[in-house]
Amino acid sequence: MKLSGNTILITGGGSGIGEALAHRFHDLGNSVIVAGRRPEALESAIAGRPNMSAMTLDIDSSEAIADFARRIVAEHPALNVVINNAGMMRFEALDTARDIADAEATITTNLLGPIRLTNALIDHLAAQADAAIVNVTSGLAFVPLVATPTYSATKAALHSYTVSMRDALKGKVEVIELAPPAVRTSLTPGQATRPGYQPLAEFIDEVMTLFAQQPTPPEILVERVHFLRDAEAEGRFEQALATINDFARQARESQD
């Protein structure tokens, strides 16, 4: 993936990892469109930055995604990079019957959203030079957090989908996976200050160094996420499962 001269769409670009990526790619000389549900957050993300624009997007609605795809291609015909970053994470208890609305919403946002958006834009992207799709998954795609089972499952599914996309689009569109570790963002309550989580700026510095490698790695993996990404291959899965779940539980309890 080339680092400058692109027109880049970043979903979930009004805060957290999405906003940080938007600013870094904009700093490198790209035109960047941030998309999300909250207009005020999007406007804040683009404030004072020429060649950045904002578009509202309800990633949960197939009709809204189809309309959004038509609008963005009309308004930004040079669009050649899509970063599927929008996501949600909810804590769920599996040991008793519950309302599964959070699970259903998580699947819609985290999995159907990227599938629908990519499908709506794939013909356009395949016709562009230097086209790329970046799917943001998670270290939890490889070792799940028991307290967020649907989130972990959607990220595992998106990892698998990305592998298929990479092979199917070979020679047409570059397909990259970005799998973060636990990062200090507002993804869950208290996470932005949670001890032991990677500071956002430190994470983005490392990510952009990896994007600068030529050729771009098919998986963007900062050092901290290898403990999860490589656990099964290295025969450490059960150990990693216990370690991250104990760590996450203790980190949350320390903030209560």
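The table below gives the values:
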item: Within straight-line cross-link reach of LYS155, aspartates and glutamates at Cα separation under 13 Å, skipping those fewer than 8 residues along the same chain; result: GLU177
item: Prolate/oblate/rounded label for segment 98-228 (Cα gyration tensor, a/c 1.5); result: oblate
item: Gained length - ALA126 relative to GLU40, 0.36 nm times residue gap less alpha-carbon distance; result: 27.7 nm
item: Segment 1-118, relative contact order [Cα under 8 Å, separation at least 6], %; result: 27
item: Euclidean distance of C-alpha centroids, segment 81-133 and segment 150-181, integer Å; result: 11
item: For the chain, calculated [θ]222 nm from helices alone, where every DSSP H run of n ≥ 4 adds -39500 (n - 2.57); result: -13500 deg cm²/dmol
item: Cα extents of segment 7-255 along the three principal axes, largest first (Å); result: 48, 39, 35
item: FRET efficiency for SER254 and ALA66, using Cβ-Cβ distance with R0 set to 30 Å, rounded to 0.05; result: 0.10
item: Distance in nm between pseudo-label sites at ALA212 and GLU104 (7 Å out along the Cβ direction from Cα); result: 4.7
item: Nitroxide proxy distance, nm - points 7 Å out along Cα→Cβ at PHE237 and ALA97; result: 3.2
item: Segment 7-255 - charge dipole about Cα centre, Lys and Arg +1 at Cβ, Asp and Glu -1, debye rounded to 20; result: 180
item: Gap separating the Cα centres of segment 189-243 and segment 13-78, nearest whole Å; result: 25
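Read-outs throughout are calculated quantities, based only on the coordinates presented, and are distinct from any laboratory measurement. Keep in mind that this is a model prediction, so the values were computed, not measured. For neighbour counting, all protein chains shown are included, and Cβ atoms are generated from backbone atoms with ideal geometry for every residue, glycine included.
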